[in-house]
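The values are calculated or read from the model by the stated rules, or taken from the named source; none is laboratory data. Not measured: the values here are computed from a predicted model. Every residue, glycine as well, gets a Cβ built from its backbone with ideal geometry; the counts of neighbours run over all protein chains shown.
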Amino acid sequence: TSTLSDEKRSGVLLEGRKWQRLDGSVPHPAYCGLRTDHFLFVRYGDGFEELYDYREDPFEARNRASDPVHAERVRSMRLRTLEGLVPKPPGFS
């Protein structure tokens, strides 16, 4: 038998394939990332990264990935994403 745990997940891994609109416009690169209660980190196959702080920015209007204040958080979330995705998506090493 299995027992459900009361433990809460510390985050959810995200992964998406490259796609584009039906008319062929606006290609969207592959991406992967990590979503927690507090933050969303995403890295695209072209190397672009995003970090959103849901407590300050619930509508994802202000990308904080290049903010030096969040450099360690970006590094940490990038590593957690890499550790969790097997195999690693193209362009995410």
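Figures for the structure shown
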| read-out | value |
| --- | --- |
| Check on residue 80, in a loop (DSSP other than H, G, I, E, B), crowded, with 17+ Cβ neighbours inside 10 Å and either modelled with pLDDT of 70 or more or hydroxyl-bearing (Ser, Thr, Tyr) (or both) | no |
| Residues (over 12 Å from residue 40 (Cβ atoms) and small (Gly, Ala, Ser)) located in the stretch 62-85 | 66, 71, 76, 84 |
| Of all residues making up the stretch 1-26, the number that are at pLDDT below 70 and either surrounded by 10 or more Cβ atoms within 10 Å (Cβ to Cβ) or among the basic types (Lys, Arg) (or both) | 8 |
